[in-house]
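Undergrad: Once you've had a glance at the structure underneath, I'll fire off some questions.
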Amino acid sequence: MNSQIKKGILDLCVLALLEKGDSYGYDLAGSLARKVEVADGTVYPILRKLASEGVVSTYLQESQNGPPRKYYHLTDSGRKKLDSERDEWIKFCGEVNAILERGETGGKADE
Amino acid sequence: MNKTEYLNRLSNELGHMPYGDVKDIIQSIEEHFDEGLGEGRSEEEIAESLGDPKELAMEFKDGVKFNQIMKKRKRLKDYTGPDGRGRIFVIVFNAFVGIELWLVLLAAIVAAFMFLAGDAGIIGVIVASMILGKITEFLVPFIFLVLTLICVAVFLVVLLFLGIKYYIKGLKSYIRWNKNVWNYGLGED
């Protein structure tokens, strides 16, 4: 898939992953890379950007083995952003799909 | 590529980012390695799945650029019209401090020019007198005097060159600052 299109929507995907609950970088990287064809590293610049926008917050939490983990939490403004952009995206996808799928038959219907 | 190599390459590629940001980024990627190692994966395997460090660095840098654009956009969005206090400040500041300061500096430059002209004039007179043979006594002291005056002239030329250069530069940024305060008011970062 075109990397520009992918880049734009990945922010939203990360927000959606955090909607299910707080998580840390490695876990999010795995969840994202399992579902979308991206490198594991991709999630980190996105998390950084989201944190500086204030749509996610971070905190450190002890892990059972090893050093504390940096957890990411969806803030209220993040939730708002997710809700509005998710609807927008789904609507947009529907419109695009309608064009792409009916590309051939649509032409005939006009005749 | 092992963990150390990967982190080194990443921090090299991050280049001009502030030290604190680079440290923060490296820390998060290091954490990623440690988590992976804890799961029994090899350093090479983790590095491979993280993706090209150059590309990753670029994504981090794009994020920074994005933030700067957002900040600027926010500033423009929050802009509600000219700030009256900013305008008053610009007028008062220029009336009592700004314009005077730039005029004094300009006067200094003009004075240095006149001083240089006078210096060159004296050199010219002495050298002409020597050539015409008017000076018969104290020849050596006069030669020293001319050499000293030439040194002063060279010094003044350099000083003027730098002075004018920075005067223009300073004036430009001063005007830019005034425009900013005029349009957006004080207290902008």
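Undergrad: Could you give every pair whose Cβ atoms fall below 7 Å, whose first residue belongs to the range B:153-180 and is over 25 Å from B:Val90 (Cβ atoms), and whose second residue is of a type in the set (Phe, Trp, Tyr), counting only separations of at least 6 or pairs across chains?
TA: That search, which allows pairs on different chains as well, returns B:Leu156/B:Phe115; B:Leu160/B:Phe113.
Undergrad: Does the range A:62-76 hold any residues that are within 13 Å of chain B (Cβ to nearest Cβ) and either closer than 20 Å to A:Leu50 by Cβ or surrounded by fewer than 12 Cβ atoms within 10 Å (Cβ to Cβ) (or both), and which are they? Spell out how you get there, then give the answer.
TA: Kept after step one, since they are within 13 Å of chain B (Cβ to nearest Cβ), are these residues of the range A:62-76: A:63-72.
Scanning the range A:62-76 gives A:Gln64, A:Asn65, A:Arg69, A:Lys70, A:Tyr71, A:Tyr72.
Undergrad: What are the residues in the range B:20-35 that are more than 7 Å from chain A (Cβ to nearest Cβ) and closer than 13 Å to A:Ala29 by Cβ, if any?
TA: Listed by number, the list holds a single entry, B:Phe33.
Undergrad: Next question, about the same structure. Looking for something at pLDDT below 90, part of a helix (DSSP H, G or I) and within 27 Å of A:Pro68 (Cα to Cα) - is there at least one such residue anywhere in the range B:46-55?
TA: no
So that you can scan it fast, the table gives a plain yes or no per residue for (1) more than 30 Å from B:Trp102 (Cβ to Cβ); (2) surrounded by 10 or more Cβ atoms within 10 Å (Cβ to Cβ):
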residue: B:Ile135; (1), (2): yes, yes
residue: B:Val140; (1), (2): yes, no
residue: B:Val146; (1), (2): yes, yes
residue: B:Ile150; (1), (2): yes, yes
residue: B:Leu160; (1), (2): no, yes
residue: B:Tyr174; (1), (2): no, yes
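Undergrad: Exactly one condition in (1) loosely packed, with under 13 Cβ neighbours inside 10 Å; (2) of a type outside the set (A, V, I, L, M, F, W, C); (3) under 16 Å from A:Tyr44 (Cα atoms) is not met by B:Glu13; state its number.
TA: (1)
Undergrad: Would you mind stating whether B:Glu59 is modelled with pLDDT under 90, within 7 Å of another protein chain (Cβ to nearest Cβ), in a helix (DSSP H, G or I) and in contact with a helix residue (DSSP H, G or I) (Cβ under 8 Å, 6 or more places away or on another chain)?
TA: Against the criterion (modelled with pLDDT under 90, within 7 Å of another protein chain (Cβ to nearest Cβ), in a helix (DSSP H, G or I) and in contact with a helix residue (DSSP H, G or I) (Cβ under 8 Å, 6 or more places away or on another chain)), B:Glu59 qualifies.
Undergrad: Further question: Considering the range A:21-33 alone, what residues qualify as being away from chain B (no Cβ under 11 Å) and either over 20 Å from A:Gly54 (Cβ atoms) or at pLDDT below 90 (or both)? Write out each step before concluding.
TA: Keep residues of the range A:21-33 that are away from chain B (no Cβ under 11 Å), which gives A:21-23, A:31-32.
Scanning the range A:21-33 gives A:Ser31, A:Leu32.
Undergrad: Right, something else. Counting only residues that are without any contact (Cβ under 8 Å) to a residue 40 or more places away in the chain and farther than 20 Å from A:Leu60 by Cβ, which one in the range B:36-47 is farthest from the other protein chains (Cβ to nearest Cβ)?
TA: Pass one, the range B:36-47, residues without any contact (Cβ under 8 Å) to a residue 40 or more places away in the chain: B:36-42, B:45.
Next, from what is left, pick out any that are farther than 20 Å from A:Leu60 by Cβ: B:39-42, B:45.
Details: B:Glu39: 9, B:Gly40: 12, B:Arg41: 11, B:Ser42: 14, B:Glu45: 10 Å.
The selected residue is B:Ser42.
A quick yes/no check of all residues on (1) hydrophobic (A, V, I, L, M, F, W, C); (2) modelled with pLDDT under 90; (3) not in a helix (DSSP H, G or I):
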| position | (1), (2), (3) |
| --- | --- |
| B:Val110 | yes, no, no |
| B:Gly124 | no, yes, no |
| B:Val127 | yes, yes, no |
| B:Ile135 | yes, yes, yes |
| B:Ile164 | yes, no, no |
| B:Lys172 | no, yes, no |
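The values are calculated or read from the model by the stated rules, or taken from the named source; none is laboratory data. Nothing here was measured: the structure is a model prediction, and the numbers come from that model. Neighbour counts are summed over all protein chains in view; Cβ atoms, including those assigned to glycine, are modelled from backbone coordinates with ideal geometry.
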